[in-house]
Each structure stands twice: as C-alpha cells, then as structure tokens.
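For reference, the structure is listed below as structure tokens.
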Amino acid sequence: MRNLLVLSEPFGGGHTKAAEATAALFPSWNCRVVELASYLDPILAKHISKGYLKTVQMAPWLGEKSIQATLQKQHLFLISIARNMPPN
C-alpha cells in the first residue's frame, strides 16, 4: 500500500478541507492529513494563523495573488501524480 502525507495549515478551515479532499482522491492509499504548524508548535500555529488572516484583511489583493499561484502549482502537481499513478 502506498502512503501519502498531505500537509496543510489551519487558516480558516479551507486549507485543511482542501487537503482532506486531495487525500480522498487516493482511496486505495494510506493517506494522512497533518496541519504542520499545529503539529510542530500549537502556539506558533496560532500566531501564523492570526498573521495570515490579518494579511488577507488588510491586503486582499495579496491573498488573491497567492491563491492564484498556489492553485496553478497544485494543478500541475496533481497532473504529475495522475500521470505517474499505476492503473487500479
């Protein structure tokens, strides 16, 4: 059985939901979703989350640019995985 570790961050809940949806794409794999900062240091995770939310509130255009770049990278990553997956 193949293993898949999907790393996420608890920024508003959407990131972890997206990570869980990504893991669900591989039902025959042993998948685990980990909120990295929470796993490493819960206090640090709280500060990162607050900083992220404040950035999105004060400079929404910056958040939009970040989302666009991330979605493009994720799309390319998923295409790469799909091409390399053995048939079921």
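Could you pull out every one of the aspartates and glutamates with an alpha carbon less than 20 Å from that of Lys65, ignoring same-chain neighbours closer than 8 positions?
Counting by Cα, and skipping residues close in sequence, Lys65 has these aspartates and glutamates nearby: Glu9.
For every other residue with a beta carbon closer than 12 angstrom to the beta carbon of Ile48, add +1 if it is Lys or Arg and -1 if Asp or Glu, then tell me the sum. Don't jump to the answer; show the numbers that get you there.
Values: positive: Lys46, Lys50, Lys54; negative: Glu9, Glu35, Asp41.
Residues near Ile48 contribute 0 overall.
Quick one: order Trp61, Trp29 by neighbouring beta-carbon count within 10 Å, fewest to most.
Trp61, Trp29
Taking neighbour counts of Cβ atoms within 10 Å as a proxy for exposure, in what order, fewest first, do His47, His15 appear? Working shown, then result.
Working: His47 11, His15 17.
Least to most surrounded, the residues fall as His47, His15.
Quick note: the coordinates plus some simple rules give every number you see, no bench work behind them. Please read all numbers here as calculations on a predicted model, not as lab measurements. Cβ coordinates were reconstructed from backbone atoms using ideal geometry, including for glycine residues, and neighbour counts include every protein chain displayed.
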